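Read through the structure below, which is laid out as structure tokens, and then see the notes.
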Amino acid sequence: MTDSTTRTELPLTERPQGGCACGGHDDAVPALDARAISHAIRHATIFGALSGLRAGEQMDLIAPHDPLPLLAQVREREGEAVSWDYVERGPEAWTLRFTRVA
């Protein structure tokens, strides 16, 4: 049982727009460093992160090599719903910015 006197509810019109409304997020583009993820689960982890993006949201991926096989898999799975641009091209790391279009 919840005691309504100990909890303050904001009217729906006053809640922050977008996100989960917890107020704990910043506007920086999140980054996933694939170099720190075991090769056995790397692609699955990346696909999970991409699936969590809503339309218009972005994430950066830092990879130990040019991720051409991964990009082919993303295109196969997501079609045109996810786009990407290179932010950095090696030689130590490749950084790509993914955007969920739809």
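The table that follows gives values for the structure above.
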item	result
Criterion violated by Val74 - all others in (1) under 15 Å from Leu32 (Cα atoms); (2) assigned to a helix (DSSP H, G or I) satisfied	(1)
Subset of segment 53-67 [part of a strand (DSSP E or B) and touching a residue at least 40 places away in the same chain (Cβ under 8 Å)]	Gln58
Any hit, segment 36-44, residues being exposed (fewer than 14 other Cβ atoms within 10 Å of the Cβ), of a type in the set (Ser, Thr, Tyr), at pLDDT 95 or above and in a loop (DSSP other than H, G, I, E, B)	yes
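The values are calculated or read from the model by the stated rules, or taken from the named source; none is laboratory data. What you see is a predicted model, and the numbers here were worked out from it, not measured in a lab. We place every Cβ from the backbone using ideal geometry, glycine too, and count neighbours over all the protein chains shown.
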